[in-house]
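Where a number appears in this text, it was derived from the coordinates with a stated rule and is not lab data. The model shown is predicted, which means the values in this text are computed figures rather than measured ones. Cβ: placed from backbone, ideal geometry, glycine included. Neighbour counts: every protein chain shown.
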Amino acid sequence: MSMQTQPTVAMPETAAPDPSPEIRVSGLGKTYKTERGTTHALSDINLDIRKEEFVSLIGRSGCGKTTLLRIMAGLVPPTAGHVEIGGRALWHQETVDSSVIRRLGVVFQDSNLFPWYNIEDNIALPLRLRGVKKNERRDRVRELAALVGLENFLPNYPRELSGGMRQRVAIARALSDNPELLLMDEPFGALDALTREKMNMEIQRIALATRATVVFVTHDIDEAVALGDRVVHLTPRPGRIKDVVEVPLARPRGLEIKKDAAFHGLVGNLHTSLNEEDDHES
Amino acid sequence: MNRKKLLKVLPWITTPGLLVVLFVIWELSVKALDVSPLILPPPTMIFENLGELLAQPTTWDNVRVTVIEIVLGFVAGVLAGVLVGVVLGKLPLVEASVRPLIIALEVVPKVALIPLFVIWFGFGMTTKVIIAGLLAFFPVMLNVLLGVRSVERGHRDLMQSINASRWQTFRHLEYKSMMPHVFAGMETAIVLAVIGTIVGEYLGGNEGLGYMVVKTLNELNAPALFAVILMLATVGLIMYFIVTSFKRVAIPWHESVYGRKDVG
């Protein structure tokens with residue numbers, strides 16, 4: 001399957017295929033050796049992502065979408081293939097290149113805020129570890145808090161915030177070091193439907209404002225189509241890319257997209273495609 | 001006043017009130033039933049004795065000795081407990097190999113070893129400090145061992161994703177998430193350190209509040225015995241209070257401190 005970047009309606013300025021993609025995943029594989037044998041979590045994943053693109057990864061549980069994201073986040077080493085970010089390899093065998101890690105921001109399903117730090121210190125943590133001066137840190141945290149709409153909660157502790165707010169803090173923290181690439185692993189999976197819809201609007205605004213490239217893992221078809229320039233459909237055992245669907249709708253997309261015929265067509269197709277897997281299994 | 005506030009204030013009013021009621025019933029029934037003060041002295045007599053004892057400088061010397069023994073033993077036990085707990089928690093292989101030994105040591109009633117310590121270290125303070133330390137050590141060590149391992153997986157992932165060094169991971173994550181466990185261990189440890197010290201004083205030496213208990217017992221002076229027990233209880237309470245206050249300052253973010261009052 002060809003992973004050449006195609007011009008889309010959404011991104012008219014990238015009229016020609018990008019010769020140097022922001023992210024290149026090539027021949028990526030991951031096998032786990034267990035007592036009962038070898039599990040192929042991922043097999044021959046090839047994916048090019050261009051700058052400022054928003055890519056949704058979708059698939060049923062066990063399809064390896066989270067594993068793929070964790071490899072791209074430098075948390076799990078691959079057993080085959082490469083991940084290049086901005087032209088530099090992320091993994092050298094089992095070790096990550098820390099200069100490449102610095103260009104990433106990761107948001108997990110759980111906000112993973114530290115209960116012993118207030119919101120300000122949680123957002124500032126990556127900057128603090130990098131040795132950014134206190135004053136500079138404070139200014140940057142104000143900026144980020146304003147971006148995610150939490151400027152009034154900086155002295156609060158995580159336990160005082162709702163799930164949606166905590167996830168905003170996690171997003172602000174991931175953005176603190178100006179990442180070129182934002183990796184999100186079902187970031188809104190634990191939120192209620194209404195909060196989730198709101199966060200979907202927010203993340204689009206934030207992605208455009210920060211000009212970040214986003215890889216977004218979800219198991220929600222609506223969410224994947226509503227957010228992504230492309231939707232990458234993974235199938236399990238072994239985890240492979242089954243299909244890459246272009247979403248030719250301009251970003252940002254408001255709630256009205258849910259009434260759009262093109263949107264429904266894409267969701268419907270993906271739905272069918274995901275269900276086909278089911279038939280193969282039974 | 002709302003219900004929440006009432007729940008907070010109530011114990012401060014009821015506890016002294018209940019004590020007063022208890023003492024009044026005690027006093028009246030002892031008088032009415034004409035119980036011998038040798039068996040159960042009335043509270044007034046106990047407080048009278050307490051006043052007399054507190055007026056004697058030797059009593060304060062004994063208090064000082066006991067407090068020093070408790071504090072030294074507690075501090076030594078906690079430090080050793082944290083150190084060993086961290087090492088065992090970090091090195092599962094070592095932990096697995098010494099685990100049976102630890103369990104065996106834990107099960108042994110350590111106060112049974114006191115006569116041995118008396119033989120080895122004499123009748124002085126050292127013996128009591130060692131006993132207090134030994135008793136304080138285990139709860140801290142076991143809690144810390146658990147604490148080191150109970151760092152949330154997601155938190156570790158986060159630290160890795162922001163490129164944290166080992167030291168940074170320790171300072172911002174492992175150390176912080178270990179503290180509630182250290183304090184949980186310390187709360188048990190301080191109680192045990194008090195017990196260890198007093199039992200140590202019972203069995204050997206001629207100073208400390210435990211020694212005063214034995215002395216008043218030998219004199220069959222029940223009112224004074226009660227008075228000394230009251231002093232011991234007060235010392236124990238103050239020690240416990242200091243540890244929990246320290247906890248409030250050190251880990252205000254933890255659930256055991258802020259309660260569930262503002263979970264939304």
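Apply 1/(1 + (r/R0)^6) to the Cβ-Cβ distance of residue A:276 and residue A:146, taking R0 = 41 Å, and write down the FRET efficiency to the nearest 0.05.
Numbers: r = 45 Å, r/R0 = 1.10.
The value I calculate is 0.35.
Listed values for the stretch A:191-205 are Karplus-derived 3J(HN,Hα) couplings in whole Hz (6.51 cos²θ - 1.76 cosθ + 1.60, θ = phi - 60°), namely 9, 6, 4, 5, 4, 4, 4, 5, 5, 4, 5, 4, 5, 5, 4, and x replaces Gly and Pro. Taking every DSSP helix (H) stretch of at least 4 residues in chain B, weighting each as -39,500 (n - 2.57) and dividing the sum by the residue count yields a mean residue ellipticity at 222 nm of -27000 deg cm²/dmol.
Using R₀ = 35 Å, calculate the FRET efficiency as 1/(1 + (r/R₀)^6) where r is the Cβ-Cβ separation of residue B:25 and residue B:56; round to 0.05. Write down the numbers at each step before the final one.
Details: r = 30 Å, r/R0 = 0.87.
According to the calculation, E is roughly 0.70.
The lysine pair tally for the stretch B:56-254, using Cα distances under 19 Å and a gap of 8 or more places or different chains, is 4. Treating only the Cα positions of chain A as identical point scatterers, give the base-10 log of I(q)/I(0) from the Debye formula at each q in 0.09 Å⁻¹. The computed values of log10 I(q)/I(0) come out as -0.42.
For residue A:230, the residues whose modelled amide H falls within less than 5 Å of its own, excluding neighbours fewer than 5 places apart on the same chain, are A:54, A:56, A:247. Extending 7 Å from Cα along the Cβ direction at residue A:201 and again at residue B:156 yields two label points whose distance is 4.0 nm.
Rounded to the nearest whole Hz, the Karplus-based 3J(HN,Hα) values (6.51 cos²θ - 1.76 cosθ + 1.60, θ = phi - 60°) of the stretch B:155-167 follow the sequence 5, 5, 4, 4, 4, 5, 6, 9, 6, 6, 6, 4, 5, with x at glycine and proline.
Averaged over the residues of peptide B:161-171, the number of Cβ atoms from other protein chains lying within 10 Å of each residue's Cβ is 5. Counting Cβ atoms of other protein chains within 10 Å of each Cβ in A:125-135 and taking the mean gives 3.
For the stretch A:51-142, the convex hull spanned by the alpha carbon atoms encloses 150 Å³ per residue.
Counting alpha carbon pairs within less than 8 Å and at least 6 residues apart, what relative contact order, in whole percent, applies to chain B? Mind showing how you got there, number by number?
Numbers: 281 pairs, mean separation 65.3, N = 264.
Taking the mean separation of contacting Cα pairs over the length of chain B, I get 25 percent.
Counting Cβ atoms of other protein chains within 10 Å of each Cβ in A:103-110 and taking the mean gives 3. Taking amide H positions as modeled 1.01 Å from N, with prolines and chain starts lacking one, the residues under 5 Å from residue A:48 and 5 or more places away or on another chain are A:25. For residue A:259, the lysines whose Cα falls under 20 Å of its own Cα, not counting residues fewer than eight places away in the same chain, are A:198.
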